[in-house]
Amino acid sequence: MSLVRAVEVPRLPVSRLEPVIGAPRYAELARAAGQVRPVLAGRTIWNVNSTAAGGGVAEMLQVLVGYVQDLDIPVGWLVIGGDAGFFAITKRLHNQIHGLPAGGPLGPAEAGHYAQMLAANAVELAARVRPGDVVLLHDPQTAGLAAPLAQAGARVVWRCHIGVDWENEVTRAGWEFLRPHLAAAEAVVFSRRDYVPAWIPAEKAWIIPPSIDPFSPKNQQLSADTVQAILVRLGVLDGAAPMVPATFVRRDGDAGVVTRPAVVIGEALPGPGDPVLVQVSRWDRLKDMAGVMRGFADHVAPGGQGYLMLAGPAVTDVSDDPEGAAVYGECLLQWYDLRPAARARILLVTLPLDDIDENAAMVNALQRHATVIAQKSLAEGFGLTVAEGMWKGRPVIGSAVGGIIDQIAEGIGILLPDPADLAAFGAAARLLLADPDQAARMGQAAHAHVREHYLGDVHLLRYAELLGTLIAGGQRRGT
C-alpha cells in the first residue's frame, strides 16, 4: 500500500481576485508570476504535508495550489502517510513546540520511529520529485524528509505554521528533536519573526504570514436566507428553513448543497434573532474550547444575552490529530456537568468532513450568523479563523497569543492579555453580544483590515520573492 498520495486541486481563476484587491495589486501579482516562470525553468513546486482535509494548512493549499496552476506555474500537492505511532509522536512534538509537555518527552525510540516512517515516505516521494524541483515541506510531520529529498536533488524549503514567542525546556526539547532534520533545508519559513529559533541562520529564515481566499466555500458571500437554510439543515438553529436552498459554490465552480446534518449536543436551539457567540476550531487543547465553555457558563450566561456554539470537525475524520476525540470527550463531560440554565444555552457541534467544500460552507454559515466570534487559544501559530471571522464583518475576541496579536488591530476586535482570565473573556463577550451597533462597527473595520493584509495575492508575492532568491539569487527585499 502506498504511503504517499497526490491531492488533485482544481485550477482556480486568479483573475477573480482583481475586483477585490484592485488593479494595481493584481498587476503586481501578474508581474511576479511572469518573473517566476523563467526562474523555475521547467521545475515543479511540490507541497508536502500530512493531511488533505482538516486544519488551516490543508485549506490554504487547496486555494493557493489552484491559483498557482492558473498562473501557469507547475505545482503539485502530495500527502504523506504514517501509522498511529507516527502521528502520536508528531502530535506530542506539536504540543512541545507550543510549550506543553502532554505525552511526555520524546526519546531515542520515538526519534527512530519518526525517522523510519519518513524514510519510507521519502522513497516514494523521490520517485515523483525530479532533481531541481522545489519541495515545500509543511510542519513537523515532514521535517524528516528534508535530508533525503535534498540528497535526491530537490531544493527543499521547510514551512512551519506553528510556534510560540517564548521558550522553556519543553519548547527547546521540541526544537532539538527537529534541528538535525532541518539542516538540509535551504530556507525555512515561519508565520512570525518571534517564532524563529535562535539557531536558525538569519539568511535562511523567511517570514510569510498565511492568507484566506474570499471566494472559497468557507469565505464566499452567502445571503442571509442561505445562511439560515444551512444552519437549519445542520440542526443548530430553531425555526423553519427559509424557502431557499442551502447552496454554495464549490472550489471548481459547480453548485453545491449542504445536505449533511451536524452532530449537535444541546438542550435548546437559538432562534434566528438570538445573539450567538461562535468559536470554530479543531478539538485541540490549545484552542481551549473547554475554557470558552467555562467562561460563557460562569460569566455570560448568568446575566448576559445569547448562546454559545463550539464547533469543530467530526473527531474521526482528522487523521493527523489523535487527541481530537479525547478533547471532544472532555468537553462533552464538562457540558453535562454545567448548571442547567447555562447548559441550555451552549451547543457542541461536530461538522462532517466527508465533503471538504460542504464542511467549509457549514463553517462559513456559522461565522456569518455569529454576532461575535471567539478564538480564545492558549497558543496559536497564526489562527486563520480570526481572519475568516473578520472577513465576514464580525468582531473577534481573541487571546493575545501568536498570530492573533498580528491580526486584531485596535478597534477591530478585543485582545485578551491573559487567555486564562475567564472573567475578562466573559466581560468582552457580554459587551459585544449586548451592543450590536458596536459589534457591527468593529466588524466593518475588521473586514477592511483583512482585505489589506491577509488575502492570497500578498501571500503569493512573498513566495515569489523567496523562489527568486533561492533559485536565481535574486535580491531579497526583507522578511
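Given the structure, is residue 345 over 18 Å from residue 282 (Cβ atoms), in contact with a strand residue (DSSP E or B) (Cβ under 6 Å, 6 or more places away or on another chain) and in contact (Cβ under 8 Å) with a residue 60 or more places away in the chain?
yes
Among the listed residues 68, 9, which satisfies the condition of being at pLDDT 95 or above and within 23 Å of the chain's Cα centre (by Cα)?
After ruling out the rest, the residue left standing is 68.
Of everything in the stretch 173-193, what is more than 14 Å from residue 157 (Cβ to Cβ) and either loosely packed, with under 15 Cβ neighbours inside 10 Å or touching a Ser or Thr at 6+ places or on another chain (Cβ under 9 Å) (or both)? Give them in sequence order.
Correct list: 176, 179, 180, 193.
Restricting the search to the stretch 201-226, which residues are crowded, with 23+ Cβ neighbours inside 10 Å and either β-branched (Val, Ile, Thr) or free of Cβ contacts under 8 Å to residues at least 12 places away in the same chain (or both)?
212
Could you tell me which numbered condition residue 458 fails, if it satisfies all but one of (1) at pLDDT 95 or above; (2) closer than 21 Å to residue 347 by Cα; (3) among the β-branched types (Val, Ile, Thr); (4) in a helix (DSSP H, G or I)?
(2)
Being of a type in the set (Gly, Ala, Ser) and modelled with pLDDT under 90 is the filter here, so list the residues in the stretch 305-328 that pass it.
The answer is 319, 324.
So residue 101 fits all but one of (1) open to solvent by 10 Å² or more (accessible area, probe 1.4 Å); (2) under 22 Å from residue 188 (Cα atoms); what number is the exception?
It fails just one condition, (2).
It is to be established whether one or more residues within the stretch 149-158 are open to solvent by 40 Å² or more (accessible area, probe 1.4 Å), touching a residue at least 60 places away in the same chain (Cβ under 8 Å) and under 30 Å from residue 255 (Cβ atoms).
Checked against the condition, which is being open to solvent by 40 Å² or more (accessible area, probe 1.4 Å), touching a residue at least 60 places away in the same chain (Cβ under 8 Å) and under 30 Å from residue 255 (Cβ atoms), the stretch 149-158 yields no hits at all.
Taking the condition outside any helix (DSSP H, G or I), among the small types (Gly, Ala, Ser), free of Cβ contacts under 8 Å to residues at least 12 places away in the same chain and surrounded by fewer than 19 Cβ atoms within 10 Å (Cβ to Cβ), does residue 198 pass?
yes
Quick one: which of 258, 280, 292, 315 is surrounded by 22 or more Cβ atoms within 10 Å (Cβ to Cβ), over 26 Å from residue 10 (Cβ atoms) and hydrophobic (A, V, I, L, M, F, W, C)?
Testing whether each residue is surrounded by 22 or more Cβ atoms within 10 Å (Cβ to Cβ), over 26 Å from residue 10 (Cβ atoms) and hydrophobic (A, V, I, L, M, F, W, C) leaves just 292.
If I ask for residues that are touching an Asp or Glu at 6+ places or on another chain (Cβ under 6 Å), buried (at least 23 other Cβ atoms within 10 Å of the Cβ) and either aromatic (Phe, Trp, Tyr) or assigned to a helix (DSSP H, G or I) (or both), which ones from the stretch 47-88 would you list?
The answer is none; no residue qualifies.
Just checking, how many residues over the stretch 124-148 are touching a residue at least 60 places away in the same chain (Cβ under 8 Å), open to solvent by 10 Å² or more (accessible area, probe 1.4 Å) and part of a loop (DSSP other than H, G, I, E, B)?
So the count comes out to 5.
Would the stretch 359-374 turn up any residue that is buried (at least 24 other Cβ atoms within 10 Å of the Cβ), under 16 Å from the mean Cα position of the chain (by Cα) and assigned to a strand (DSSP E or B)?
yes
The values are calculated or read from the model by the stated rules, or taken from the named source; none is laboratory data. Source: prediction; values computed, not measured. No Cβ is skipped: glycine too gets one built from the backbone with ideal geometry, and neighbour counts run over all protein chains shown. In case anyone asks, the SASA skips ligands and DNA or RNA and just uses the protein heavy atoms, side chains included. Shrake-Rupley method; radii C 1.70, N 1.55, O 1.52, S 1.80 Å.
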